[in-house]
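FYI, it's all coordinate maths here, none of it is from the lab. Note that this is a predicted model, so its numbers are computed, not measured. When we count neighbours, we look across all protein chains shown, and the Cβ atoms used for this are built from the backbone with ideal geometry, even at glycine.
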């Protein structure tokens, strides 16, 4: 039996040369081409790092994105990008504005998927910012209805998913960090994600984080994806008992390192977390990853966390004689 | 005639390099390049600018924009006894986060929290400055309670502490106090506890006008009781809480209301004439002369330029109400 495959949620921190280049580009001091070359360099470095430490399912690291919703909105017709709004503390992002009917301009992340996949034989995840999150994180000046705006994004993102599949993606992840924003809208989220994943042959994953998971638990089995990716080390370890009572009928990617903490979890702690997860989930349905994207950590912290994670998964695999 | 006011927070940075001074100052402070006093100076410069923008737009009752607040919860909670500040938690449905207060023991007021900020703002504003506090029910509900093991005892101790803060603000000269209880839009069944808290806060307010504000949703089922709470003015979000409108139209209010009709969570600009028309629909049901028009909640969720535009819409709508009334 195989199992405990390792992966990542999506984002990695940008190396300093790329952060500096992005600032320059925003001031018009660096060309789009010049920036793109550095984004490719950083992406290639992250793929190489994941190969070196032996992550089973790599990601492209999202070196080309500022904010996950803004990047997708910039590549969808009918949107504008607003001025800066605050997320928390001293962190700001440019929020999309829906100003007209949403239209597909072309593939959004397919080129980056191809670039990353061309550098590794392991299956790279295709990554889509989910329709509910796109709606919830945009100002809507056009539809005047959250349902309509959400489903309009869903139709476009279904096209994106088909393009990723056509480009060779075997695994497609839909990111819905806004999932737990309004519990009364969970049926809308299920419908919208179902629109995105409809008819795909690729394995589909839904990622969410910052959840009040207890309140959304009953929706887990209704989500139209093959795998759920949950933040477990930061807030979810308490949930294990509930999973014991009400089994998940899907695969789970189990977050074992906290992405909001500078502390590098030792391999032994991560092993304990994986062992706990193994008391509930079958190893071939259990994937091991960080809680969320690692982009807010330093490159050094992110790499140390990933190294320990992979080492811990390997050790548990060996202990359980998993291939 | 209807007065104009704002709800509380305001964007602290804008899109021009000038308007990003505070963002740069915080980054430099974090790196140890400037002192805490330098950072406070940068905050004060932004407070002055925010007051200027509200004054220029003609808003009659303004706030300091809560420029120095990290968030709505930790800014107040961190200065109370027995409270520690922990990691990030999601703040309602806003896609923003607050640092969660953790209650480790009996909560108590130690020292003035908002008094210096209020004094500074009032010194730099032509219009009266309203002091805004997060209410005890909301503070207690969003905190992690490791001591009381019950919302009631925690809420009432928080109310006692906030009551002392209100006394200190009133002694410093504040004539308008606002207590925000957005949690009532999620837990209307907790209104009796909010009222008990408000009674304790009211005890220290002297002659100041006390406003109770709810936002991020509707309160139609508790509207009648809300009007009977021991507050002098009731503030309502009538955008996300549009469903409350029917309750106002049906029951009316003897107390002045703050009508949060300008959408503070969407960049789309309203037509001032349409807003004025809505306000005038309530003529006879509420006293427009003592009531206010406002954004639906704090303007911080908008980019700065759009927030300024919303202030302009607010004033234009109020003027149209005045002409028509």
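Computed values, structure above
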{"quantity": "DSSP beta bridges in segment A:76-203 [antiparallel fraction, %, rounded to 5]", "calculated": "55 percent"}
{"quantity": "Choice from A:207, A:158, A:262 showing the highest fluctuation, given a GNM over chain A with Cα pairs closer than 10 Å", "calculated": "A:262"}
{"quantity": "Neighbour-count ranking [beta-carbon atoms within 10 angstrom, fewest first] of A:43, B:5", "calculated": "A:43, B:5"}
{"quantity": "Average partner coverage of A:88-101, which counts Cβ from other chains inside 10 Å", "calculated": "4"}
{"quantity": "Alpha-carbon centroids, segment A:244-286 and segment A:51-128: separation in whole Å", "calculated": "26 Å"}
{"quantity": "Alpha-carbon centroid distance for the pair segment B:74-105 / segment A:194-223, whole angstrom", "calculated": "29 Å"}
{"quantity": "Cα gyration tensor category, rounded, prolate or oblate, for chain B with a/c compared to 1.5", "calculated": "oblate"}
{"quantity": "Calculated P(r) tail over 42 Å for the protein assembly as shown, as whole % of Cα pairs", "calculated": "28 percent"}
{"quantity": "Of B:58, B:197, B:173, the one that fluctuates the most in a GNM where chain B has Cα springs shorter than 10 Å", "calculated": "B:173"}
{"quantity": "Mean residue ellipticity (222 nm) of the protein assembly as shown, computed from DSSP H runs ≥ 4 via -39,500 (n - 2.57), nearest 500", "calculated": "-12500 deg cm²/dmol"}
{"quantity": "Fraction of beta bridges assigned by DSSP in chain A that are antiparallel (%, nearest 5)", "calculated": "25 percent"}
{"quantity": "Residue with peak Gaussian network fluctuation, chain B [Cα springs, cutoff 10 Å], from B:100, B:225, B:54", "calculated": "B:225"}
{"quantity": "Footprinting exposure proxy for B:205, B:130 (fewest neighbouring C-beta atoms within 10 Å first)", "calculated": "B:205, B:130"}
{"quantity": "Whether segment A:14-86 is rounded, prolate or oblate, judged on the alpha carbon gyration tensor where a/c under 1.5 counts as rounded", "calculated": "oblate"}
{"quantity": "Taking chain B and dividing mean pair separation by its residue count, relative contact order in percent (alpha carbons under 8 Å, at least six apart)", "calculated": "20 percent"}
{"quantity": "Normalised contact order of chain A, rounded percent, pairs of Cα under 8 Å and 6 or more residues apart", "calculated": "20 percent"}
{"quantity": "Beta bridges per DSSP with both ends in segment B:3-324, % antiparallel, nearest 5", "calculated": "20 percent"}
{"quantity": "For A:246, B:84, order by how many other beta-carbon atoms lie within 10 Å, fewest first", "calculated": "A:246, B:84"}
{"quantity": "Relative contact order for segment B:190-254, counting Cα pairs under 8 Å that sit 6 or more residues apart, in percent", "calculated": "36 percent"}
{"quantity": "Ellipsoid equivalent to chain A - semi-axes via the Cα gyration tensor, in Å", "calculated": "30, 24, 18"}
